[in-house]
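Notes follow the structure.
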Amino acid sequence: MSSEIQSKELLELEQLRAILRSVPKLDSQGLRFPIIDGDGYSRHKDPIYGLRFFRESVSKEVEVLEQFLAKPHRTKELSTNASYFLAVWNEILAAPPPIVAIGKEFPLPKIPDKSDKSSSSTPTTSTKRGSNKAGVIKVDIVADEGRKWIRVNTIKNSRILAEFREFDSYLTGSDSEDGEEDGEDLPTDEDNSLLRMGRALISASSIPIAGTNEKPSVVLRLTRLDPDPSDGPNDPRIGQIIDLLRKMGIDVQIGEREFKSIPNETPSESPSIPAEFRPTNKINMDLSMLIALVSDLSHAALPGTAKEAEDRFRMPSHGRSWKLGKGNREISQAPASTPDSPVDDEDFSKHSRALASQCMQEMQHGLVDEIVGRLQSAFGDQNAVEFWTTEEARERCLRIVQKIGGEGEKQRARALFSDDPEKDVTRRREEFWKGSRYPPTYLSTLIPIKIFSPDKGQLPTSVPSIFWGHLIQTCRHILEYDSTPHPRLFRKYGEMERAKVSTVNTKLTMHTVESMLVGACEGMTTLTANKASIKALLREMKGVKQGNEELDIPVASEDVNLAAIWITEPRSLAEGMRADLLTNEDEESQ
């Protein structure tokens, strides 16, 4: 084997190895969801579909090259797919972010008239890597959040000229492989692989992106096809094919890009740090956030140390039976039991640890401080913000707090949703913040909370990004199915009725999905403390958005940095579990 061929294969091997080193960095640059979580940057991302398979394919190609080059006697050049993988990689790095898929197949639209055998509406494509299944077309890179499809084709002039000669032989009825006399005839889509591929791409891209009415644009990268070669035979039909592809609406790009890899960088130097999303000036709050805002944890004086936080919720042994019999009869309704009952100890201990953990979270990063700081950063004035919620979230919040809340928590809930028309907003604010470590003016616009009318949650005229369309589509899909009682409805102790959950995913309560839908349709950021539900919703979204349901929701490009969801740490109702309040009450009763 010549040294020139060996050098080519050694170069390809090194470049493929560089791809394998770079793939993990590419995965960290996957699609960031417009979600504010904790430090303000979205930690939620959608892994790039097909990236793992692409990495495995490149790894196998590396093994083939290594085994071939390790042979002592090589008599001919190895036929590999290295050029294809390198070309795809180059397009990945050049594609507009975010990349959502690599090597994804898309269905072709069904044709009503199946009797027309000559129709080109169900084309397939094939390469030396294998043939596509009937009714689908492969797209090498889905970029720009689904708006751009990129297909790589490594066909050479010699291969397309061979197709021309075969076509010419059919036209002339001759066995000659020259076909020069028919060189001016333009092949049709039925006899040329590039035109068949182009028509298939255009046909599949006519289906709008899931959750929107936007259609992707198509790019076809021809890495080794030269319409005007300087070192070989020329055929004008190559240029004619390219022109015809462009007339279809395909962006045809000729030639191969220079190979690059992702450089090694420290996290602080990496350009892939996700953009910071900001909330809308109208914020929708779900039930979990309403509970968090009235919770004693969000307002009480903070403990000085972690031990003090643990002691605050460590129930004294002499107080457990008192709590069961008086303070929390509604929440536990326990049968006759002793203070040393193992079941009681286990439940109280678990709940106490959870409250102590939330209290320590509040010590590090206060809930109200987080909200005010984020609003001031986004708008300069937190008074420019309105807070909204659904009627069901309001009603459930009042019922839950009345059932298991402490006196201070009940007072805040009543002030938050007062039905007394005689009670002015200023007085309600004073009652809400009474006993809080914050002054009434700290988050003054929290009251009054506005309630959505029952007709809200309809499809909007536009959405800030495709994610919002996916979110709306997923919520609508979940709500189409029946609900079912909560799986933990019947416990060893009686308790208030739990919210019904979706049969699609029992980790999603129906009222949570409804809150998310209304917020998204109204173009508002939904503020929630329910991390588990958001995680479950994102999993459902991944499955739903693979469908082809068309929602007539155009994507507005004015502001793509709006957060659809804002997640905070949870805060439970805690006043009834405070050991220090119990001690004070015991002393007063003696």
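Values quoted throughout were computed directly from the atomic coordinates according to the rules given, and no laboratory measurement underlies them. This is a predicted model, so every value here is computed, not measured. All Cβ positions, glycine included, derive from the backbone under ideal geometry; neighbour counts span all protein chains shown.
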Env charge @ Arg224, Cβ radius under 11 Å, K,R +1 / D,E -1, value +1
Can you tell me the order of 471-478, 8-15 when each peptide is scored by its average per-residue count of other Cβ atoms within 10 angstrom, highest first?
-> 471-478, 8-15
Projected label distance in nm at Leu69 and Ser206, using a 7 Å step from Cα toward the beta-carbon | 4.7 nm
Arrange the peptides 568-576, 78-86 so that the one whose residues have, on average, the most other Cβ atoms within 10 Å appears first.
-> 568-576, 78-86
Would you please put 370-383, 522-535 in order of how densely packed they are, using the mean number of other Cβ atoms within 10 angstrom per residue and starting with the highest?
-> 522-535, 370-383
Plugging the Cβ-Cβ distance of Ser59 and Glu105 into 1/(1 + (r/R0)^6) at R0 = 22 Å yields, to the nearest 0.05, a FRET efficiency of 0.55
Residue span Val425 to Lys260: 0.36 nm per residue of separation minus Cα-Cα distance leaves a gain in nm of 53.3 nm
Can you give the FRET efficiency for Asn505 and Thr80, using 1/(1 + (r/R0)^6), R0 = 60 Å, r = Cβ-Cβ distance, to the nearest 0.05?
-> 0.85
If you add up the charges near Asp311, with Lys and Arg at +1 and Asp and Glu at -1, over every other residue whose beta carbon is less than 14 angstrom from its beta carbon, what do you get?
-> +2
If amide H atoms are built 1.01 Å from N in the plane of the peptide, which residues on other chains or at least 5 residues away come under 5 Å of the amide H of Tyr49?
-> Ala101, Ile102
Give Lys260/Lys531; Lys434/Lys507; Lys138/Lys531; Lys148/Lys500; Lys104/Lys456; Lys350/Lys500 a once-over and call out the pairs whose C-alpha atoms are over 30 Å from each other.
-> Lys260/Lys531; Lys434/Lys507; Lys138/Lys531; Lys148/Lys500; Lys104/Lys456
Residues other than Thr568 with Cβ under 10 Å of its Cβ, Lys/Arg counted +1 and Asp/Glu -1, net out at 0
